[in-house]
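The values are calculated or read from the model by the stated rules, or taken from the named source; none is laboratory data. Note that the coordinates shown come from a computational prediction; the quantities given were computed from them, not determined experimentally. Cβ placement follows ideal geometry from the backbone for every residue including glycine, while neighbour counts extend to all protein chains displayed. All accessible areas refer to the heavy atoms of the entire protein, side chains included, with ligands and DNA or RNA removed. Shrake-Rupley method; radii C 1.70, N 1.55, O 1.52, S 1.80 Å.
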Amino acid sequence: MCGIVGYIGDKNVDAVILVGLEKLEYRGYDSAGVATISKGELGIRKIVGKIWRLAGLLNQKPLGGNVGIGHTRWATHGEPTRLNAHPHVDCNRRISVVHNGIIENYYTIKEKLLKEGHVFESETDTEVIVHLIEKHMDGNLEKAVFKTVKDLEGSFAFAVICEHDPNKVVAAKSGCPLIVGLGRGENVLASDATPVLSITKEVLDIEEKEICVLEKDKVSLFNFDGKKVERKSRVVEWDVEMTTKDGYDHFMLKEIYEQPRVIRDNIRRRINDDYKIDIASDFNLTNGELARVSRIIIQACGTSWHASLVGKYLLEHYCRIHTEVDISSEFRYRNPVADGETYVMAVSQSGETADVIAGIRSAKAKFLKVLSICNVMGSTVARECDGVVYTHAGPEIGVASTKAFTAQLLSFYFLTFYLAKIKWLLSDDELKRLLDELKTISDKMEKFLNSDGKLNKIAKKFYNAKNFVFLGRGINYPLALEGALKLKEISYLHATGYPAGEMKHGPIALVDEKMPVVCIVPKSSVYDKMVSNIQEVKARKGRIIAVATEGDKKIKSIADYVIYIPEVSEIFSPLVVALPLQLLAYKIAVMRKCDVDKPRNLAKSVTVE
Ligand code: F6R
C-alpha cells in the first residue's frame with residue numbers, strides 16, 4: 001500500500017508534498033516523511049504517525065528547495081518506527097528513495113550489499129533500492145535507476161532524488177500505481193491522481209516497467225531497457241474540490257451524503273432519452289460477443305465483493321447467466337473451470353487491489369475475456385480489462401467504502417439491463433419500467449438521508465455492545481455482510497453478517513438479551529420468511545433493529561427499533577438499504593471515538609497480496 005509523491009518546480013516543495021501526502025493518507029498512515037534537495041543538500045524529515053504530525057515538524061524545521069519526494073506508510077517489512085519510515089537514504093546520505101510495494105528478493109540483495117560494505121539503518125525491504133542506486137550511480141540518476149530495476153523482484157513504484165543529479169525526480173513502476181501530472185514549469189508524480197489535481201489536471205499514466213524522469217520543464221518516459229517511450233497525456237475528470245471534506249466532519253460522512261448525487265449523475269450519463277443504456281463505449285467487445293456470454297465469474301474483495309454478490313443476483317435473474325462470485329485472493333489460486341464463453345469480471349473501487357489484478361492476469365493467462373467495474377480511470381484494473389464500466393463516483397477518500405459501493409451496484413444494474421436487452425430477455429416496456437423506477441431512487445436516497453434522526457438513538461443505545469449480528473435474505477443478504485463489515489472496520493466492534501435463514505444452523509446460539517441484531521426486512525418476495533427469522537431471534541430475546549419499508553406497522557410490533565426507508569422495488573432496495581447501515585456504523589464509530597476515515601491497521605488501496 002503506501003503512497004508516494006514527488007515534485008519539481010518553484011512552489012513551496014514542503015507544502016506541495018504535504019498536501020499531496022494528505023490526499024494519499026488513505027493508503028497508509030503508520031508513518032510519513034519528506035526529503036528535498038535545498039541548496040545542493042539533501043534534507044529529511046520523518047515521523048511516526050499521521051501526516052499532521054509531519055506538518056508540525058516541517059513547520060518547525062522547514063526543508064525548502066525545488067525538488068522533493070514524500071511518503072505515507074502502511075508497514076509491511078519492519079514496524080512503524082521512525083527508522084523504518086521513508087524516505088530512506090544511501091550510506092552517504094546523498095540519495096533518497098520513497099517506495100510503494102514489496103521487494104521480494106530484498107534479503108538476497110541486502111546480504112550482498114552488506115558484504116560490499118553498505119550500511120543499513122532500517123528493517124525495510126525498501127532500503128535495498130537506495131543502496132543499489134548508490135552502487136550504480138555515476139553522475140546520472142536515471143542511468144543508475146535503469147541498472148537498479150534489473151536487480152529488483154516484486155512490486156514497486158518508487159521515486160528518488162539525488163544530490164549529485166539534483167534537478168530531477170526519477171521514478172520507476174512495476175506492479176504499483178504511478179501517475180505523473182504535467183504542469184507549467186513544474187511536474188509532479190504520485191500514487192494516484194488526487195495529489196496531482198492541485199497542480200494540474202493533465203496527467204500521464206505510467207505503464208508497467210517504465211521509468212519517468214521529471215525535470216522542471218519536461219517529463220521523459222523510458223521502458224526498463226532505457227528505450228524512450230511516447231505517450232499521450234489525458235485530462236482527469238476529477239476536481240481538487242472533490243478531495244476536500246467540504247464542511248463535513250469526516251470524508252466518510254461526506255461520501256455517504258454524496259450518494260444521491262452520484263447515482264443521479266450516473267443515470268443521466270448512462271441512460272439517454274430513448275431509454276438506451278450507454279455503457280459499452282469503454283468495451284473492446286462487440287454486442288455479438290457479449291450476447292454469447294453464458295457464464296460469468298466475478299472476483300473482488302471486501303465491499304466490492306459484496307456489491308458483486310448483488311450483481312450475481314441481478315445477472316442470474318435478468319440475463320439468465322450462470323454467475324459465480326469469488327474472493328480475489330481465492331480465485332487467483334484456484335483453477336476455475338472456464339471455456340470460451342465464460343467471462344471474468346473484476347470489481348474494484350481503486351483499480352489497484354493486488355489480488356484483483358492478479359485475478360485478472362490469471363484469467364487472461366487462460367485467454368478469458370475480462371470486464372471490470374472500476375472507479376479510478378487509468379488504474380491498472382481499468383487498463384488491463386477488455387471492457388470497463390466506470391462507476392464515476394469521484395474520489396473516495398474515507399477508508400470505508402460507501403459511495404463506491406452504491407455506484408458499483410448501479411453499474412451492475414446498467415450492465416445487467418444492457419446484457420438482458422442484447423440477449424433479448426428484456427422487452428422495451430419492461431426496460432422502460434425498470435429505468436423509470438431507477439431514476440426515482442436518488443430522490444428516495446436523499447429523502448432518507450435528510451431524515452436519519454432515529455439512528456442517533458440506536459447508536460447511543462448500542463455503541464458499547466460487544467457484538468452485532470446483521471441478517472438479510474435474497475438480494476439483501478450481501479447487504480447484511482456489508483453492514484457488518486462497515487461496523488467492524490470503523491468501530492472495531494465484532495459484527496457478523498448472515499443469511500437470515502441460515503441463522504438457526506448455528507449462529508442463533510450467539511443470541512441473548514444483549515445481542516443487537518440488525519434485520520434487513522424491506523417489502524420483498526422474502527418478507528414473510530424474514531419476519532419468521534426475526535421472530536426466531538426475538539424468541540431468544542435478541543434486540544431487534546429492523547430496516548424496514550416506510551409504513552410497515554407489523555415490523556414495528558415485533559422489533560425494538562425500526563429504521564424506515566422509502567418504499568422501493570425489491571430489485572432496487574440494496575441502493576437504499578445501504579444508507580442506514582453505513583450511517584449506523586458511522587455514528588457508532590464516532591461515539592466510540594474511533595478514527596472513522598483512517599481505521600487502525602487498514603489502508604484504502606490494498607496493493608500487497
Ligand atoms: C471496506 C473496503 C474494502 C475494499 C476492498 C477492495 O469498506 O473499502 O473492503 O472494498 O479493499 O478494494 P477495491 O474495491 O479498491 O478493490
*asked:* Give me the one-decimal nm value for the distance between modelled label points at Ser569 and Ile327, 7 Å along each residue's Cα-to-Cβ direction.
replied: 3.3
*Would you mind working out the magnitude of the charge dipole of region 93-147 relative to its Cα centre, with +1 at each Lys and Arg C-beta and -1 at each Asp and Glu C-beta, to the nearest 20 Debye?*
220
*asked:* What whole-number volume per residue, in cubic angstrom, does the convex hull of the C-alpha atoms of region 268-439 give?
replied: 104
_Restricting the calculation to Cα positions, tell me the Rg (one decimal) and the Dmax (whole number) of region 491-599 in Å._
14.3, 40
*asked:* Could you tell me which residue out of Gly139, Tyr107, Pro166 lies farthest along the dipole of the chain toward its positive end? Charges go on the beta carbon: Lys and Arg +1, Asp and Glu -1, centred on the Cα centre.
replied: Tyr107
*Provide the solvent-accessible area of His494, counting protein heavy atoms only and rolling a 1.4 Å probe, rounded to the nearest 10 Å².*
100
*In region 3-239, with Lys and Arg counted as +1 and Asp and Glu as -1 at Cβ, which of these residues, Tyr26, Ser233, Gly68, has the Cα nearest the positive end of the dipole, that is, farthest along it?*
Gly68
_As a test of understanding, state the convex hull volume per residue of region 17-81 from its alpha carbons, in Å³._
79
*Just how large is the dipole of the chain about the Cα centre, in debye to the nearest 20, putting +1 at every Lys and Arg Cβ and -1 at every Asp and Glu Cβ?*
1480
*asked:* With a 1.4 Å probe and all protein chains left in place, how much of the accessible area of region 400-537 comes from carbon and sulfur atoms, in whole percent?
replied: 52
*With the dipole of the chain worked out from charges on the C-beta (+1 for Lys and Arg, -1 for Asp and Glu) around the Cα centre, which of Leu285, Leu415, Val130 lies farthest toward the positive end?*
Leu415
*Report the Stokes-Einstein translational diffusion coefficient (µm² s⁻¹, integer) for the chain, Rh taken as the Kirkwood radius over Cα pairs, at 10 °C with viscosity 1.306 mPa s.*
63
*Grab the Cα-Cα distance for Asp429 and Ser220, subtract it from 0.36 nm times how many residues apart they are, and report the gain in nm with one decimal.*
69.8 nm
*asked:* Give me the 1.4 Å probe accessible area per residue for the chain, excluding ligands and nucleic acids, in Å².
replied: 39
*Sort out for me the Cα centre separation of region 1-19 from region 495-547, rounded to whole Å.*
50
*Could you tell me the largest-minus-smallest coordinate of the C-alpha atoms of region 74-211 on each of the three principal axes, in descending order and whole angstroms?*
46, 32, 27
*Write down the Å³ per residue value for the convex hull defined by the alpha carbon atoms of region 33-137.*
95
_As a test, work out the antiparallel percent of DSSP beta bridges whose residues both lie in the chain, rounded to the nearest 5._
60
*Would you mind calculating the gained length between Arg231 and Lys150 on full extension (0.36 nm times residue separation, minus the Cα-Cα distance), in nm to one decimal?*
26.9 nm
*In 5 Å bins starting at 0, how do the alpha-carbon pair distances of region 3-239 split up by percent?*
1, 8, 16, 21, 22, 17, 10, 4, 1, 0
*Would you mind counting up the charge near Leu368? Only other residues with Cβ under 15 Å from its Cβ, with Lys and Arg at +1 and Asp and Glu at -1.*
+1
